[in-house]
Amino acid sequence: MNIKRLLVLAVILCFIAAMSVFSPGQNAVKASFHTEEEIRAFNDHSRAPIDEGDYFLNSFRCSGCHGRDSSGNANVNEAGDDVNLYDHWQPSMMANAARDPLWRAKVSQEITTNPAHSGELQDKCTSCHAPMGRYTKFYHGGGHYTMAEIDGDSLAYDGVSCAGCHTIGPNGLGTMFSGNIPYDTTRKAYGPFPLPETGPMQLYEGYTPTFSLHMDESRVCSPCHTLYTNTADLSGNLTGTSFPEQVTYHEYLNSSFPANSITCQKCHMPRIEDPIIIANGQTGLTPRTPFNQHTFQGANYFMLNLMKENKQALGITVEDWKYDTTLAATSRSLKLQSIDLNLYLDSLTSDTAFFTVKLKNKAGHKFPSGYPSRRAVVQFVALNANNDTVFKSGIFGSDARVNNETPAFEPHYNVIKQSGKSQIYEMVMGDVNGNYTSTLERAAVMLKDNRIPPDGFTSSSSVYDTVAVVGVPASDTDFNIENSTEGSGADYVHYHVPVAAFSGNISAYARMYYQTVPPKFLDEMFALSTAPINTFRDMYNNADKQPFLMQHDSLLNVQLITGIQEQANELFIYPSLTFDGRISIISPTEIKTITVYNAEGKIVLCSPSFLQGGGQGVVILPETSGIYFIVVQTANKSFHRKVLRQ
């Protein structure tokens, strides 16, 4: 047994003996923190505290205290549900960042395309996907850190791990980007709770738990979630310029979220208010609240599921049930925390039905955000009374490609008047010649960025040059604009459906679909053949590539106007989307009452004084924006309609 191990064991034994003599203070190891079996494990060098000159430890070293507690005392909420940090983190994209087969294939594509930049490209990519491996080499003499080195480096394979985040220091955060991470090399492990118990972690791991506000602030995410890439021309020569490949942190800065104290952690690490004992085996530890769960949920349902289905090939040993938990959390995030979609009937004429789809961004950054492959597609379909399609937009083929999509990229639309045109929210990169590219180092210009901005997003922001909207014409006066004011965080897509050839009713359906990796983005990559690309190609071809359905709405049995007589037989309430609050009502029979409810079901207007005589009436909605429900009572029937006041 070497001297270091003897010293460690001696310190442990002396400390345990001392525990029986005096009561523990704030920084002392409290009684029964570790079992005798755990203490004996420190005879193994792998369980010794961090070595001199090292700065990171593997995540399994944290699991003993911050993983599942077999006694059920720690890391559980008030209902007794297990919320331990380690199990929640294991199946996340963060934990598997270095194993991600799409990332590995993409790095292979980039260095195959520009082999002269191989070292720099791998340094850039591993800085965020395998930071502990990359920075350990950097701190021990430097040199390029390669993909080949990851495979023999357990720290690198840990992806974005416990120490990979909790040793990030506060200095420079919010000003250091593109994988330039300000690690604190004094072996501090930063956390969000004041007065941490320092003794156990110092003794067993060699880190000093340290309270710092930055761990609960969005800027701790900024080093990797704003990424500029250098631009090379088609011959591989660097142009001296760079391109904002993904700038989620700056999108967040240009939103209402910072002013409202909504951080990245509050959405991606769902907060619970239950007091949680955060370390196992320590009976006297003060419960902590609020507690950020380490699910790291986002929008990448597709890749999570692909990795689950290919665990053996990827060397992943995480149980399926853990992946299922993360997939469920990701599904909830996409469906409930990303977008609101509402479909409205604006008006009808004898030859056209006018519909509007409103899309409201609920995230604190553009939607979609992050890696430039990600996009969202609006699908709109109208069916006649025989369920025959009379209009369709945003339709996917069996290969998950959007039918009739323009080869370069589909333009942004404010109004869609014919089938086959599709609203796709995306960022599109162009090379030095202005042609579409999916090769990151060839990205020179932004050809399109019509992704839906977050609430509060403005062109006057100091960071707008980093997150500018591109490709949305000035004539689209309701993209991120309401009442002539920027910052709505919403877009309206207007559909004009030709109906002159039809009679009776039509039904309209609107859906929002999300694609993590659309086939179009992979065409350039799959034209190459390398081991990482071929591995991912096989996994991708066997995966379920159908897009993720986020939101949907419908309007059923809309009576078409085909003549004065037919119009007289149906009640009309229009428009369903109003900016001045004025709603007109026409009924074939006498109207008795008109009642207006708000979204909470409270009556806000109820009076026959709205009536203009017989079967006509006008309602002026309250000035408060939102959804209202109008109930019209005639002599023999009650009609219900949903409208939106902006």
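Pairing residues of the stretch 103-118 that are aromatic (Phe, Trp, Tyr) and buried (at least 18 other Cβ atoms within 10 Å of the Cβ) with residues that are modelled with pLDDT of 95 or more and assigned to a helix (DSSP H, G or I), at Cβ distances under 7 Å and at least 6 apart in sequence or on separate chains, gives 103/129.
Filtered by the rule that a residue be assigned to a strand (DSSP E or B) and surrounded by 18 or more Cβ atoms within 10 Å (Cβ to Cβ), the stretch 495-515 gives 495, 497, 506, 508, 510, 511, 512, 513, 514, 515. Among residues of the stretch 476-490 being modelled with pLDDT of 95 or more and among the charged types (D, E, K, R), the one that is surrounded by the fewest Cβ atoms within 10 Å (Cβ to Cβ) is 486. Return the residues of the stretch 398-427 that are closer than 20 Å to residue 490 by Cα and either buried (at least 20 other Cβ atoms within 10 Å of the Cβ) or within 23 Å of the chain's Cα centre (by Cα) (or both); say none if nothing qualifies. Answer for the stretch 398-427, where residues must be closer than 20 Å to residue 490 by Cα and either buried (at least 20 other Cβ atoms within 10 Å of the Cβ) or within 23 Å of the chain's Cα centre (by Cα) (or both): 410, 412, 413, 416, 422, 423, 424, 425, 426, 427.
Scanning the stretch 445-475 for residues that are surrounded by 21 or more Cβ atoms within 10 Å (Cβ to Cβ), assigned to a loop (DSSP other than H, G, I, E, B) and not charged (D, E, K, R) yields 450, 453, 454, 457, 467. For the stretch 590-628, name all the residues that are of a type in the set (S, T, N, Q), in a loop (DSSP other than H, G, I, E, B) and either at pLDDT below 80 or in the same structural domain as residue 349 (by TED's automatic domain parsing) (or both). 607 - this is the single residue of the stretch 590-628 that is of a type in the set (S, T, N, Q), in a loop (DSSP other than H, G, I, E, B) and either at pLDDT below 80 or in the same structural domain as residue 349 (by TED's automatic domain parsing) (or both). Scanning the stretch 516-548 for residues that are acidic (Asp, Glu) and part of a helix (DSSP H, G or I) turns up 523, 524, 538. Within the stretch 371-389, if we keep just the residues that are assigned to a loop (DSSP other than H, G, I, E, B) and touching a residue at least 60 places away in the same chain (Cβ under 8 Å), the residue that is farthest from residue 414 (Cα to Cα) turns out to be 385. Does residue 15 meet the test of being modelled with pLDDT under 95, surrounded by fewer than 17 Cβ atoms within 10 Å (Cβ to Cβ) and among the aromatic types (Phe, Trp, Tyr)? Criteria met by residue 15. Only residues that are in contact with a Phe, Trp or Tyr (Cβ under 8 Å, 6 or more places away or on another chain) and either hydroxyl-bearing (Ser, Thr, Tyr) or not in a loop (DSSP other than H, G, I, E, B) (or both) were counted in the stretch 263-278, giving 6. Residue 241: assigned to a strand (DSSP E or B) and surrounded by fewer than 17 Cβ atoms within 10 Å (Cβ to Cβ), yes or no? Spelling it out, residue 241 is indeed assigned to a strand (DSSP E or B) and surrounded by fewer than 17 Cβ atoms within 10 Å (Cβ to Cβ).
Evaluate the following for residue 403: is it over 30 Å from residue 585 (Cβ atoms) and either modelled with pLDDT under 95 or not assigned by TED's automatic domain parsing to the domain that holds residue 254 (or both)?
Considered against the rule, which asks whether it is over 30 Å from residue 585 (Cβ atoms) and either modelled with pLDDT under 95 or not assigned by TED's automatic domain parsing to the domain that holds residue 254 (or both), residue 403 comes out as yes.
On the basis of being crowded, with 21+ Cβ neighbours inside 10 Å and not in a helix (DSSP H, G or I), does residue 260 make the cut?
no
Is there a residue in the stretch 350-365 that is at pLDDT below 95, among the hydroxyl-bearing types (Ser, Thr, Tyr) and either buried (at least 19 other Cβ atoms within 10 Å of the Cβ) or farther than 30 Å from residue 463 by Cα (or both)? Yes, the conditions are met somewhere in the stretch 350-365.
If you check 326, 356 for being in a strand (DSSP E or B), polar (S, T, N, Q) and touching a residue at least 12 places away in the same chain (Cβ under 8 Å), only one passes: 356.
Might you check whether a residue that is surrounded by 24 or more Cβ atoms within 10 Å (Cβ to Cβ), under 27 Å from residue 526 (Cα atoms) and in the same structural domain as residue 210 (by TED's automatic domain parsing) occurs anywhere in the stretch 146-163?
yes
Just one of the listed residues (172, 143) is more than 24 Å from the chain's Cα centre (by Cα), without any contact (Cβ under 8 Å) to a residue 24 or more places away in the chain, part of a loop (DSSP other than H, G, I, E, B) and over 15 Å from residue 190 (Cβ atoms), and it is 143. Every residue in the stretch 629-638 that is among the aliphatic types (A, V, I, L, M) and modelled with pLDDT under 85, please. Of everything in the stretch 629-638, those that are among the aliphatic types (A, V, I, L, M) and modelled with pLDDT under 85 turn out to be 631, 632, 635.
Criterion first (in a loop (DSSP other than H, G, I, E, B), in contact with a strand residue (DSSP E or B) (Cβ under 9 Å, 6 or more places away or on another chain), without any contact (Cβ under 8 Å) to a residue 24 or more places away in the chain and closer than 30 Å to residue 542 by Cβ) does residue 405 satisfy it? It is false that residue 405 is in a loop (DSSP other than H, G, I, E, B), in contact with a strand residue (DSSP E or B) (Cβ under 9 Å, 6 or more places away or on another chain), without any contact (Cβ under 8 Å) to a residue 24 or more places away in the chain and closer than 30 Å to residue 542 by Cβ.
Taking (1) modelled with pLDDT under 95; (2) touching a strand residue (DSSP E or B) at 6+ places or on another chain (Cβ under 8 Å) in turn, residue 225 satisfies each apart from (1). Look at (1) in a loop (DSSP other than H, G, I, E, B); (2) more than 16 Å from the chain's Cα centre (by Cα); (3) at pLDDT 95 or above and you find that residue 296 fails only one, number (2).
The values are calculated or read from the model by the stated rules, or taken from the named source; none is laboratory data. Quick caveat, the model's predicted, so the values are computed rather than measured. Virtual Cβ from ideal backbone geometry, glycine too; neighbours counted across all protein chains shown.
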